[in-house]
Amino acid sequence: MSEFVQHIINGLASGTIYALVALGYTMVYGVLKLINFAHGDVMMVGVYVGYATSRQLERDTSQSFFGVTLIFLVAMMTCAALGFFIERFAYRPLREKPKLTALITAIGVSFFLSYSFQVETVVGGLTLLPGAAPKAFPEIIKPTEWLVIGDRDIVIWNWQVISIGIAAVLMTGLQYLVFKTRFGMAMRAVSFDHRTAGLMGIPVDKVISFTFMLGSALAAGAGILYAIKDTLVQPLMGVTLGLKAFVAAVIGGIGHVPGAVVGALALGLVEEFVVGYGSSTWRDAVAFGFLILVLLVRPEGIFGRMTAEKV
Amino acid sequence: MSSAAPTGTGAGVSNNGGAATLLRVQDATMQFGGLTALTTFCLEVKAGDLQGLIGPNGAGKTTAFNVMTGVYRPTSGDIIVDGERVNGHLPHQVNRAGLARTFQNIRLFKDLSALDNIKVACLADDRPASSMFSRTRVNALRKQGNFVGARTLDAWGNYLDWWRALLTTSGFRADEERITERATRLLEVMGLQHRKDELARNLPYGEQRRLEISRALATSPKVLLLDEPAAGMNTREKSELMILIRKIRDDFKLGVLLIEHDMKLVMGICERITVLDHGETIASGTPAEVKNDKKVIEAYLGVESKELQA
């Protein structure tokens, strides 16, 4: 029993990280009907920015509350800017073109980011691009046992609490923003019909770039949480993690904000149980098998709405 | 052409002889590849005007609306809203300049409640008059002819708003309440207050049409463009709607331009009518003038009928 509870906790902790990335996919899909395949790579850039920032700080500072907050803020703001530029220069010119064009472009942007980061570029002692060699993410949060129940039956680590906490705060904020504020209303209006929204005085372009900025910032936050747990940083990390988060968004019903969170938590739990009770070799296979299963039973995802096609 | 004769052509127009011109379309032409959908279209709407735009199917009426509201950029010609030349501007910029519209096929945000549909449109006019980025200030810049400045101020206002939304400042919450209040009042104007929290998709057809009009009004337009507002309504609903449109024009002091198929209706309500056929303006004037225009009769009944009459 205690083992089961332990797995649930671990699953939720990794699920919340998926959730933060999945929210970016789902929001962008919501407003643009575009799967932004570069999203995982934006997250990877965020991790590297966090890495670089923490290397600039003293070891003690980077482990302080101030240091951690600073690392998160710098990474999130840099990624927000990156998201803005990707949308502005890669996707906006293709807005009125067929959706496939933008999709291929997204894959292109993804490759561009993940492969250019593998070219080590140092200019005047300043590392601009990190190169392909994996790096260890600094221990900005020292792993300690937060709660131990019984004779080490259940161990909850501090980073698990922190990542669930940060993720919960970011997700609640997003939920509030999307459903309770007029910006969220504009976002939903653009998502429903961006032409009409424009004719009703909503600045469609700005709503879309803001959505990208928001999603990219969340991804950077998620990436750092992931790096704290996993410690390994390398330029291709965004591809797998991004793909998993995309799967989570599809499971929840892509375009649906709470759906992405539920899908991500489900995926996190499924993976954890496979690793816990089976073998870690099967983890990814089961994760994608889970996707296939959901698509067979409910192609629109858990929360998605089925659109009947008129004949 | 309507632009050339603001006075003396009919009772409705001469009443407004002194009113400011809010919308002026000058020789607007719209070509799609080799097809000319609209040829040298001219129109002038003043405050308090109630004008009609009619013509057979495919005459270019909706194209004219799309050209005016920034959906299409006219191939040549000018669209001037309250002194600002808006062709080539994005739809939301045209809307903020003072042009709001409804659609032939209802295009509400169907997944939002009736109230939220209006609140969304209130976004275009959401800042209190005292604020740095208020619409009053933006309009003042427009009046001075500083259109770039007006748009920049407007854009910065948007960015500021999002930060306030993210940080949920108290001022932001106050704004939010003000918008809700304004939206509720607009629902009342159209007699939809009982539908406040219902999803737009669940409203009956006639109420959806009315909701679309109140959504357009929420953007505080100077000229309201109605694309077949009475389509699909029965005779009684139609006459009620027409009374409502007149009332809106008087209460909000707007210019109204409407597309309508029902000739009887247009003749009854509009003070001035422009008739399009194959993209060309074939007549323009008071209902009485238009009704007896030979070209109009031909366009509607075909040439054969003329031969029959002869």
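Values quoted throughout were computed directly from the atomic coordinates according to the rules given, and no laboratory measurement underlies them. Because the structure is a prediction, the values reported are computed rather than measured. Ideal geometry is used to build each Cβ from the backbone, glycine not excepted, and the neighbour counts take in all protein chains shown.
Averaging sequence separations of C-alpha pairs under 8 Å and six or more residues apart, then dividing by the length of chain A, give the relative contact order as a whole percent.
Values: 519 pairs, mean separation 107.2, N = 311.
Dividing the mean separation by the residue count of chain A yields 34 percent.
Where Rh is the Kirkwood radius over the Cα pairs of chain B, the temperature 10 °C and the viscosity 1.306 mPa s, what D in µm²/s does Stokes-Einstein return?
On the way: Rh = 20.4 Å.
Rounded to a whole number, D works out at 78 µm²/s.
Does the stretch A:217-311 come out rounded, prolate or oblate by the C-alpha gyration tensor, with a ≥ b ≥ c the root eigenvalues, rounded set by a/c under 1.5 and, if not, prolate when a/b is larger than b/c and oblate if not? If you can, show how the numbers build up before the last one.
Values: a/c = 2.40, a/b = 1.49, b/c = 1.62.
It comes out oblate by the Cα gyration axes.
If you take the square roots of the eigenvalues of the alpha-carbon gyration tensor of the stretch A:23-239 and sort them as a ≥ b ≥ c, do you get rounded (a/c under 1.5), prolate (a/b over b/c) or oblate? Please list the in-between numbers first.
Values: a/c = 2.25, a/b = 1.42, b/c = 1.59.
The shape class here is oblate.
Among the listed pairs B:Lys110/B:Lys264; A:Lys97/B:Lys110; B:Lys196/B:Lys222; B:Lys46/B:Lys247, which have their C-alpha atoms separated by more than 21 angstrom in this model? Could you put the intermediate results ahead of the total?
Working: B:Lys110/B:Lys264 32 Å; A:Lys97/B:Lys110 25 Å; B:Lys196/B:Lys222 25 Å; B:Lys46/B:Lys247 16 Å.
Correct reply: B:Lys110/B:Lys264; A:Lys97/B:Lys110; B:Lys196/B:Lys222.
Give the separation of the Cα centroids, the stretch A:147-167 to the stretch B:241-255, in Å.
When both Cα centres are located, 64 Å separates them.
Cα-based Rg of the protein assembly as shown per 2.2 N^0.38 Å, rounded to two decimals?
Working: Rg = 29.0 Å, N = 621, 2.2 N^0.38 = 25.3 Å.
That ratio works out to 1.14.
On average, how many beta carbons from a partner chain sit within 10 Å of the beta carbon of a residue in B:113-123? Before the final figure, lay out each step's value.
On the way: counts 0, 0, 0, 6, 4, 1, 4, 13, 8, 4, 11.
If you average over the peptide's residues, the count of other-chain Cβ atoms is 5.
How well do other chains shield peptide A:121-134, expressed as the mean number of their Cβ atoms within 10 Å of each residue Cβ? Spell out each step's value before the answer.
Working: counts 0, 0, 0, 0, 0, 0, 0, 0, 0, 0, 0, 0, 0, 0.
That works out to 0 on average.
Give the distance, in whole Å, between the Cα centre of the stretch A:1-61 and the Cα centre of the stretch B:264-285.
So the separation of the two Cα centres works out to 60 Å.
Restricting to DSSP loop positions (anything but H, G, I, E, B) with no more than 15 other Cβ atoms inside 10 Å of their own Cβ, which trypsin sites (Lys or Arg not before Pro) remain in the stretch B:58-120? Mind showing how you got there, number by number?
On the way: sites: B:Lys61, B:Arg85, B:Arg96, B:Arg101, B:Arg107, B:Lys110, B:Lys119; in loops: B:Arg107, B:Lys110.
Those satisfying the criteria are B:Lys110.
For A:Met213, what charge total do you get from the other residues with a beta carbon under 15 Å from its beta carbon, if Lys and Arg give +1 and Asp and Glu give -1?
Working: positive: A:Arg88, A:Arg92, A:Lys206; negative: A:Glu87, A:Asp205, B:Asp161.
Overall, the nearby charge balance is 0.
With a/c under 1.5 counting as rounded, go ahead and sort the stretch B:40-138 into rounded, prolate or oblate using the C-alpha gyration tensor (a ≥ b ≥ c being the square roots of the eigenvalues; past the cut-off, prolate if a/b is larger than b/c, else oblate). Intermediate values should be presented prior to the final figure.
Working: a/c = 2.05, a/b = 1.31, b/c = 1.56.
It is oblate, given that a/c is not under 1.5 and a/b is not larger than b/c.
If each residue's Cβ is checked for other Cβ atoms within 10 Å, how do A:Trp282, A:Trp159 rank with the fewest at the top? Each step should come with its number before you reach the end.
Working: A:Trp282 13, A:Trp159 19.
By the 10 Å Cβ count, ascending, the order reads A:Trp282, A:Trp159.
Using Cβ counts within 10 Å as a stand-in for footprinting exposure, how do B:Leu53, B:Leu199 rank, fewest first? Don't skip to the end; give the middle numbers.
On the way: B:Leu53 27, B:Leu199 16.
In increasing order of surrounding Cβ atoms, one gets B:Leu199, B:Leu53.
Helix-only estimate, please: 222 nm mean residue ellipticity of the protein assembly as shown, summing -39500 (n - 2.57) across DSSP H runs of length 4 or more and dividing by its residues, to the nearest 500.
For the protein assembly as shown, the value works out to -18500 deg cm²/dmol.
Identify all lysines with a Cα-Cα distance to A:Lys244 below 25 Å; exclude those on the same chain that are fewer than 8 residues away in sequence.
A:Lys33, A:Lys99, A:Lys135, A:Lys229
Quick one: A:Thr78, B:Thr29, fewest Cβ neighbours within 10 Å first, how do they rank? If you can, show how the numbers build up before the last one.
Values: A:Thr78 21, B:Thr29 16.
Taking fewest neighbouring Cβ atoms as first place, the list is B:Thr29, A:Thr78.
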